[in-house]
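Following: one structure in structure tokens, then a few remarks.
The values are calculated or read from the model by the stated rules, or taken from the named source; none is laboratory data. Since the structure is predicted, the reported quantities are computational estimates derived from the model, not experimental observations. Here the Cβ positions follow ideal geometry from the backbone for every residue, glycine too, while neighbour counts run over all protein chains shown.
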Amino acid sequence: MFEEVRMDFFDVVEARRSIRAFQERPVEEEKIACIMDAVNLAPSAGNLQAYEVYLVTRNDLRADLANAALDQEFIAQAPLVLVFCAHPARSAVRYGRRGERLYALQDATIACTFATLAAAALGLGSVWVGAFDEEAVRRVLDAPRGVIPIAILPIGYPAENPPRRPRRGADDFVHRVG
């Protein structure tokens, strides 16, 4: 499925950009299913998958999420918005406080990363949004108290092609030990 847009992993990593302008074109259900399959395959601590994903397509809810994200209007323009939430209680069962405070957060962020890369592999654009009012997002989603919004991921067909931004060289962040 979608063989014409699937890419080699390293090509996906190279091609991925943060997209903040989207075409007025819905994301096909088949592509949404592929993205969710990738999310489901993301590694997680103890395979507990201590995260929840809220899939938002309704215009009014996307607009409410944009408002909750400090008026980042591009969120409302994306035809699909995924909100990744940590579910600390799932991880705490096995890992106690560390699972609750760290592993659930890691699980949600890894799942979001897999969604970002899957979207890119399918010819879609996305941008990771971390600036938002957590309580406002929880209200928009009608999420239970124990679920913590971690990242908002607007997804759609890109209406822009931004250049790659400069990156640090590996020598600046890699520290060999031993």
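Within the range 1-29, take every residue that is of a type in the set (A, V, I, L, M) and part of a loop (DSSP other than H, G, I, E, B) and give me the one that is nearest to the chain's Cα centre (by Cα). Out of the qualifying residues, it is I19.
The residue that is nearest to L48 (Cα to Cα), counting only those in the range 87-111 that are buried (at least 23 other Cβ atoms within 10 Å of the Cβ) and under 13 Å from the mean Cα position of the chain (by Cα), is D107. Determine whether the range 27-34 contains at least one residue that is of a type in the set (D, E) and in contact (Cβ under 8 Å) with a residue 40 or more places away in the chain. No - not one qualifying residue is present in the range 27-34. Does L141 satisfy the condition of being surrounded by 23 or more Cβ atoms within 10 Å (Cβ to Cβ) and not small (G, A, S)? Judged against the criteria, L141 is not a match. Closer than 14 Å to V39 by Cβ and buried (at least 24 other Cβ atoms within 10 Å of the Cβ) - does that describe any residue in the range 154-163? Looking through the range 154-163, at least one residue is closer than 14 Å to V39 by Cβ and buried (at least 24 other Cβ atoms within 10 Å of the Cβ). Of the helices (runs of 4 or more DSSP H) lying entirely inside the range 30-147, those containing at least 1 residues that are of a type in the set (D, E) and modelled with pLDDT of 95 or more span 59-68, 104-121, 134-141. Looking at R145, R167, R98, R176 in this structure, which one is free of Cβ contacts under 8 Å to residues at least 12 places away in the same chain and farther than 26 Å from A42 by Cα? Sole residue among the options that is free of Cβ contacts under 8 Å to residues at least 12 places away in the same chain and farther than 26 Å from A42 by Cα: R176. Of all residue pairs spaced 6 or more apart or on separate chains, none has beta-carbon atoms under 8 Å together with a first member in the range 50-68 that is more than 27 Å from R94 (Cβ to Cβ) and a second member that is among the hydroxyl-bearing types (S, T, Y) and assigned to a loop (DSSP other than H, G, I, E, B).
Can you find a residue in the range 102-113 that is farther than 30 Å from R164 by Cα and in contact with a helix residue (DSSP H, G or I) (Cβ under 8 Å, 6 or more places away or on another chain)? Looking for residues that are farther than 30 Å from R164 by Cα and in contact with a helix residue (DSSP H, G or I) (Cβ under 8 Å, 6 or more places away or on another chain), one finds at least one in the range 102-113, hence yes. Among residues of the range 75-93 that are more than 24 Å from R58 (Cβ to Cβ) and in contact (Cβ under 8 Å) with a residue 24 or more places away in the chain, those with a beta-carbon under 8 Å from a residue that is of a type in the set (A, V, I, L, M) and part of a strand (DSSP E or B) at least six positions away or on a different chain give the pairs P88/I148.
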